[in-house]
Amino acid sequence: MASTRVRNGLAVVAIGVGLFATLGEASTSKTSTGNQAPNAGQTSAPSASASSGGGGAPPTTASSKATPIPIGTAKEVAKGWTVKVNSANLDADALLAAGNQFNKPKAGEKFVLINVTVTNAGDKPEAPYTSLKLSYLPPSGIAVDGLLSCVLSVSDEIDTTAQMQPGAVATGNLCFSVKIADIPNGLLLGEPQFTMDENKDQQFFALV
């Protein structure tokens with residue numbers, strides 16, 4: 001009878017050991033799975049964000065004279081600065097003359113107004129002209145500098161010398177006096193004020 005009690009005691013001990021081992025494996029499996037799930041999520045989240053372009057970030061595809069950036073599409077031109085062409089008036093003589101009777105283009109030229117939106121997407125206050133250069137580019141390939149084209153007041157002119165805080169957005173007109181023969185098929189050329197590779201850094205915006 002004593003031996004029976006011993007055997008029963010050993011059986012209880014064996015069952016207890018087996019049950020403890022089973023519970024330990026289940027706990028280990030659950031903990032391992034729980035640790036892996038957040039890591040997997042953390043790895044996939046940045047990848048998904050990167051592929052979506054940051055939710056409204058400017059496109060990263062390169063532009064060219066043959067495939068310019070369409071009207072209404074924003075593009076980073078210089079570090080921290082994006083530009084978007086909203087519209088273009090390729091014969092703005094009458095509009096500028098109405099604002100100021102002395103607004104007259106040079107002989108053989110016409111005024112071109114390009115409405116743009118400029119955004120300071122950087123992390124410091126800055127004026128656009130310190131980093132950004134915008135020119136009219138005719139098919140001849142000789143860029144026209146707006147600062148030297150229209151020296152009189154322009155309706156809704158964008159002030160590229162005004163300081164813009166990070167996240168600030170400015171919309172207004174750029175004025176160019178362009179030879180009449182150079183107006184068809186012209187583009188807005190955007191580029192950094194300082195660059196080591198103009199071929200790489202130039203961006204071309206469609207006007208029609």
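Okay, residues lined up against (1) in contact with a strand residue (DSSP E or B) (Cβ under 7 Å, 6 or more places away or on another chain); (2) in a loop (DSSP other than H, G, I, E, B); (3) modelled with pLDDT under 95:
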| residue | (1), (2), (3) |
| --- | --- |
| Thr161 | no, yes, yes |
| Pro166 | yes, yes, no |
| Cys175 | yes, no, yes |
| Leu188 | yes, no, no |
| Phe194 | no, yes, yes |
| Lys200 | no, no, yes |
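Being out of contact with any strand residue (DSSP E or B) (no Cβ under 7 Å at 6 or more places or on another chain), among the basic types (Lys, Arg) and exposed (fewer than 14 other Cβ atoms within 10 Å of the Cβ) narrows it down to one of Lys106, Lys124, so name that one.
Of the residues listed, the single one that is out of contact with any strand residue (DSSP E or B) (no Cβ under 7 Å at 6 or more places or on another chain), among the basic types (Lys, Arg) and exposed (fewer than 14 other Cβ atoms within 10 Å of the Cβ) is Lys124.
Among the residues of region 111-144, those that are out of contact with any Ser or Thr (no Cβ under 7 Å at 6 or more places or on another chain), assigned to a strand (DSSP E or B) and among the polar types (S, T, N, Q) comprise Asn120, Ser135. The single condition from (1) modelled with pLDDT of 95 or more; (2) within 20 Å of the chain's Cα centre (by Cα); (3) buried (at least 17 other Cβ atoms within 10 Å of the Cβ) that Ser63 fails is (1). If you check Val112, Val151 for being buried (at least 21 other Cβ atoms within 10 Å of the Cβ) and either of a type outside the set (S, T, N, Q) or at pLDDT 95 or above (or both), only one passes: Val112. Please work out if Asn199 is surrounded by 12 or more Cβ atoms within 10 Å (Cβ to Cβ), among the polar types (S, T, N, Q) and in the same structural domain as Ala94 (by TED's automatic domain parsing). Here the answer is no, as Asn199 does not meet what is asked.
Among the residues of region 156-171, count how many are exposed (fewer than 11 other Cβ atoms within 10 Å of the Cβ), among the polar types (S, T, N, Q) and within 21 Å of Leu95 (Cα to Cα).
0
The values are calculated or read from the model by the stated rules, or taken from the named source; none is laboratory data. Being a predicted model, the structure only gives us computed values, none of them experimental. Quick reminder, even Gly has a Cβ in these numbers, built from the backbone with ideal geometry, and neighbours come from all protein chains shown.
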